[in-house]
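Here's the structure, in C-alpha cells; my notes come after.
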Amino acid sequence: MIREAKPEDATPVAQLIVQAMGDLAYKFSNTDDRKATLALFEYFFKLPDNQYSYSNTLVYEEQGEVFGSLNGYDGSKLADLRAPFLIYLAEHCGLINFHPEPETGPGEFYLDTISVAPEFQGKGIGKQLIAAGINRASAFGHEKAGLLVEVNNPGALKLYQKMGFEIESEITFIGGLYYHMIRTI
C-alpha cells in the first residue's frame, strides 16, 4: 500500500533516503559515519517544511513496515525547502558556504529521492511509487514531473524511460554528472 508518510516513519525512510542518495548523503552530513548521516535525515524527515520532510514523502508499506519511499515537491519551492537544511549543515556539520546547485526549478514537480529496500527490489514497488508521485504532481496542478539520475546508472535510467521520462539535459550536481529527466503529465 502507498500512503502519505508520517513523522514516525523516520527510521526506515531515513535509511531509504541514504540508500537513494549514496555518497551524496555523506557529503551532506560531512562525515563517513552512517549513524550520524541517518540521524541527520531522520531529524529533517520529522520536521515540516523542508525538502526531506514527511510532508513531502509517500511510502510503500506492507504488513505495517515501510519498504519504499518517494520524496517529491514543487520545484519552484526548492530554495525555501532547502534553506533550513543548509542552515543546519552550516551550524552542525561544518559545511560553511555550501551552496549546492539547484537540482530542480519552477515548472516541475520534482521527485527527489526514490528508494526501495533491497529485499523488495524487482517487484514493481519503484514503479508504483513513481506512478504515485506523478499522480500527486497532477493532483497539485503540475504539468511536468522531473528527476535526476546519475549518468552511470543505466538500470535506473531505463526504468525512468519506461515510466515516460525523457532526458532534458545533463547537469553537474555536487561534483557528479546527472541526467535531468522530465515527464509530461
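Data for the structure
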{"read-out": "Accessible area per residue, Å², the chain with all protein chains present, probe 1.4 Å", "value": "49"}
{"read-out": "Centroid-to-centroid separation of the range 129-158 and the range 32-56 [C-alpha atoms, Å]", "value": "21"}
{"read-out": "Computed helical MRE - 222 nm, the chain, DSSP H runs ≥ 4 contributing -39500 (n - 2.57), nearest 500", "value": "-12000 deg cm²/dmol"}
{"read-out": "Gain in span if fully extended, GLU65 to ILE171, counting 0.36 nm per residue against the direct Cα distance", "value": "34.6 nm"}
{"read-out": "Size of charge dipole - the range 87-185 - debye, nearest 20, with Cβ of Lys, Arg +1 and Asp, Glu -1, no other charges", "value": "500"}
{"read-out": "For the range 1-133: relative contact order, % (alpha-carbon pairs under 8 angstrom, 6 or more apart)", "value": "28"}
{"read-out": "Assigned charges on the beta-carbon of Lys, Arg, Asp, Glu; the chain dipole about Cα centre (debye)", "value": "320"}
{"read-out": "Carbon/sulfur fraction of accessible area - the range 17-114, other protein chains in place, 1.4 Å, %", "value": "49"}
{"read-out": "Long-range HN-HN contacts of GLU168 with modeled amide H, under 5 Å", "value": "HIS180, MET181, ILE182"}
{"read-out": "Residue among GLY133, GLY64, GLY94 with the largest mean-square fluctuation in a Gaussian network model of the chain, springs linking Cα atoms under 10 Å", "value": "GLY64"}
{"read-out": "Which of LEU38, GLY124, LEU16, positive extreme of dipole for the chain (C-beta unit charges)", "value": "GLY124"}
{"read-out": "Axial C-alpha extent at least 30 Å, average Kyte-Doolittle at least 1.0 - helices from the chain (DSSP)", "value": "none"}
{"read-out": "DSSP bridge pairs, the range 47-185: antiparallel proportion in percent, nearest 5", "value": "95"}
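The values are calculated or read from the model by the stated rules, or taken from the named source; none is laboratory data. Source: prediction; values computed, not measured. A quick note on method: Cβ atoms are made from the backbone with ideal geometry, for glycine too, and the neighbour counts reach across all protein chains shown. For the accessible areas, the whole protein counts, side chains as well, though only heavy atoms, and no ligand, DNA or RNA atoms are used. Shrake-Rupley method; radii C 1.70, N 1.55, O 1.52, S 1.80 Å.
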